[in-house]
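Single-structure report; data block below.
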Amino acid sequence: MPTVVPAHSAVPLRGTQSFVHTLSTCWNHASYTALEVLWRWAVGIPTLAAIYRWIVPAIVSAHVDWAALRNMTILDPVASAATLGTALSVILPPVLEVARWLAPALLILWILISSIGRTVVLRHADPTLHRRPATLIVLQTIRLAALLASFFLWFRILETAAAATITNPIAANQEPNLVGYCAAAIVTTLVLFVLWAVLTYTLSVAPLLAMLRNLGPLESLRAAFRLGPLKSKLVEINLVMGIVKIALIVLAMVFSACPLPFEAVATPQFLTLWCTGVTVVYLIASDFFHVARLVAYLQLWRAYESKP
């Protein structure tokens, strides 16, 4: 049975305090997460099938030196990087040939299903919200374009750092600065991650405002930039979500590595099933926190509306 999300009291709360309450609410209403998982896998399963149907054969047909890849070692990172570069130079051309038409199709599928799925999840949390699927499609397109632009910027910065610390020194017969490159990669990733959390809360809250106020795409974006006292709380929740995402990734890596001490007795099938199970749990946990963020936005807005 759909449940209207309750508003908080008039007592001022920090964004993280209300978020803790929201986590409890979402935990008690597992249907929120179930719907989120359902629509995401409605995209994920066709995507995996398409990759298996077109991308995997393109990789298999490439003449890759698989023995060299298996013999790579972290004790010789420069040689391993050269091996990877050689393999990618063989794999990328046939893969990019397929990706030219497959990637746009999958992006369109994501935009359409995510807009419908987001509408279903939010209306399940609060049935009084308006249905604005066309508006959500436009907003999802804008958000996806911003995300792709951030990945492009991240890649170009890492490419510049690699040229300054590795490629140019090797060309000059000097020792590459691997520590400098790793430091640049870590700092760049963290800085862009924090900037995304701080600056893109408007793209996350705009679909909710469209459904709350029955607005179009431009009106929703304008309203997202005029949130008054709610702005700091939404930024705070976005930063917490960023920390949670990092923590989930670290936990997934730790649990994936748990069977490695028993590799001598563990079968490859068991290791495959274990890693698959860890991946599924990670995805469900990630979906749970995505839903919690949306419900937190909704609760904060209802609390803001209830104030005199």
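Let me know the shape class of segment 156-308, please: from the alpha-carbon gyration tensor, a ≥ b ≥ c as square roots of the eigenvalues, rounded when a/c is under 1.5, otherwise prolate if a/b is greater than b/c, or oblate.
The shape class here is oblate.
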Signed unit charges on C-beta, dipole axis of segment 39-119, positive-most listed residue Pro57, Ala81, Ile116: Ile116
Under a no-solvent Debye model with one identical scatterer per Cα of the chain, what's log10 I(q)/I(0) at q = 0.13, 0.15 Å⁻¹? -1.14, -1.38
Roughly speaking, what is the centre-to-centre gap between segment 25-84 and segment 168-194 when only Cα atoms are used, to the nearest Å? 25
In segment 142-301, if the dipole is taken from +1 on Lys/Arg beta carbons and -1 on Asp/Glu beta carbons about the Cα centre, which of Leu271, Ile166, Leu221 is farthest to the positive end? Leu221
When you count, for each residue, the other Cβ atoms within 10 Å and take the mean per peptide, how do 272-281, 30-39, 201-210 rank with the highest first? 201-210, 30-39, 272-281
Segment 123-197, accessible area per residue, ligands and nucleic acids excluded (1.4 Å, Å²): 62
In debye to the nearest 20, how big a dipole does segment 155-308 give about its Cα centre with +1 on each Lys and Arg Cβ and -1 on each Asp and Glu Cβ? 800
Quick check for me: using +1 on Lys/Arg Cβ and -1 on Asp/Glu Cβ, what's the dipole size of the chain about its Cα centre, in debye to the nearest 20? 1280
Rank by packing, highest mean first: peptides 228-234, 288-294, with packing defined as the count of other Cβ atoms within 10 Å averaged across residues. 288-294, 228-234
What whole number of Å gives the distance from the Cα centroid of segment 236-304 to the Cα centroid of segment 97-146? 23
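Taking a ≥ b ≥ c as the square roots of the Cα gyration tensor eigenvalues, with a/c under 1.5 meaning rounded and otherwise prolate when a/b beats b/c, else oblate, which class fits segment 112-160? Each step should come with its number before you reach the end.
Working: a/c = 4.52, a/b = 3.22, b/c = 1.40.
The shape class here is prolate.
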If a/c stays under 1.5 just call it rounded; otherwise compare a/b with b/c (prolate if a/b is bigger, oblate if not). Do that for segment 69-127, with a ≥ b ≥ c from the square roots of the Cα gyration tensor eigenvalues. oblate
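The values are calculated or read from the model by the stated rules, or taken from the named source; none is laboratory data. Remember, predicted model here, so these are calculated numbers, not experimental data. We place every Cβ from the backbone using ideal geometry, glycine too, and count neighbours over all the protein chains shown. Accessible surface areas use protein heavy atoms only, side chains included; no ligands, DNA or RNA. Shrake-Rupley method; radii C 1.70, N 1.55, O 1.52, S 1.80 Å.
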